[in-house]
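**Q** My structure is below; once you've seen it, I'll send some questions.
The values are calculated or read from the model by the stated rules, or taken from the named source; none is laboratory data. The shown structure was predicted, so the numbers you read here are calculated from the model rather than taken from an experiment. Note: ideal-geometry Cβ built from the backbone for every residue, glycine included; neighbour counts use all protein chains shown. Only protein heavy atoms, including side chains, enter the accessible area calculation; ligands, DNA and RNA are left aside. Shrake-Rupley method; radii C 1.70, N 1.55, O 1.52, S 1.80 Å.
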Amino acid sequence: MGREDDLACDGWDSSQCVGTPYCPPRCPRFTDREAATVLVRPHEPEDLEALVGMYLDFDPDDRTMGLPPATETKLRRWLDRFVDDGWSLVAEVDSTVVGHAGVTPGDAAAPHLVVFVTGEAQGRGIGSELIRQLVAYAADRGHETLVLTVKADNDAAITVYDNVGFDVIEQLGGELEMHLSLASPVVDAVQRPPAEREG
């Protein structure tokens, strides 16, 4: 059985699931706005080439504040940071990586996060789900706060972060710094089993 088969249950209505003690911090299975099954799981070393391919295909308009890096050498070095000094998650649709979210440094009380979704997968709720997954995993790993930086004119991203519970802490030129305390009620909400969240 492949790893997607181990974690996702096609044809199974997750809204009835009450979870088990063996579940990850948040149910890995998600149905996006186009009714596609999305699997969100921890990034593994064998995901490197898929992530490199995903990011190299990014449109210049999908890059922000110099991320993801545009050249393959810099991109590989950047992705290595999530393995060497952080952790990350990937989102897959039909075994194709369509999103990536991660934090660095991995041992910090308040690590910095990034979230990216391919152009074709945007507007389907995958980015929001990746952020909720990141919150659930970060709390489970003992982090205290999540920190992000976003361009002040990126209204769509700011709305997503605000809806999850991030607060603007500071404006630095054309960028906003936003924080989410992992002591907030949002953590309990994102870690609930699907039947409790959707019921």
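**Q** Restricting the calculation to Cα positions, tell me the Rg (one decimal) and the Dmax (whole number) of the stretch 62-140 in Å.
**A** 12.6, 35
**Q** While we're here: Kirkwood hydrodynamic radius, the stretch 114-199, all distinct C-alpha pairs: what's the number in Å? Before the final figure, lay out the partial values.
**A** Values: mean 1/r = 0.0731 Å⁻¹.
Radius from the Kirkwood sum: 13.7 Å.
**Q** Further question: Which FRET efficiency value, to the nearest 0.05, do you get for Lys151 and Gln16 by plugging their Cβ-Cβ distance into 1/(1 + (r/R0)^6) with R0 = 30 Å? List each step's numbers first, then the result.
**A** Values: r = 40 Å, r/R0 = 1.34.
Efficiency for this residue pair is about 0.15.
**Q** Output the Kirkwood hydrodynamic radius of the chain, Cα pairs only, in Å rounded to one decimal.
**A** Values: mean 1/r = 0.0579 Å⁻¹.
It is 17.3 Å.
**Q** Expressed as a whole percentage, what fraction of the accessible surface of the chain belongs to carbon and sulfur atoms when a 1.4 Å probe is rolled over the protein heavy atoms?
**A** Values: 4830 of 10130 Å².
After summing per-atom areas, the C and S share lands at 48 percent.
**Q** At a probe size of 1.4 Å, how large is the accessible area of Glu177, to the nearest 10 Å²?
**A** Glu177 exposes around 50 Å² with every protein chain in place.
**Q** Where only protein heavy atoms count, and the probe is 1.4 Å, what is the accessible area per residue for the stretch 144-191 in Å²?
**A** Values: 2550 Å² over 48 residues.
Per-residue accessible area for the stretch 144-191 comes out at 53 Å².
**Q** Additional query: Suppose every K and R has +1 on its Cβ and every D and E has -1 on its Cβ; what is the size of the dipole of the stretch 64-113 about the Cα centre, in Debye to the nearest 20? The partial results should precede the final answer.
**A** Working: 4 positive and 7 negative charges, 43 e Å.
Dipole magnitude for the stretch 64-113 comes out near 200 debye.
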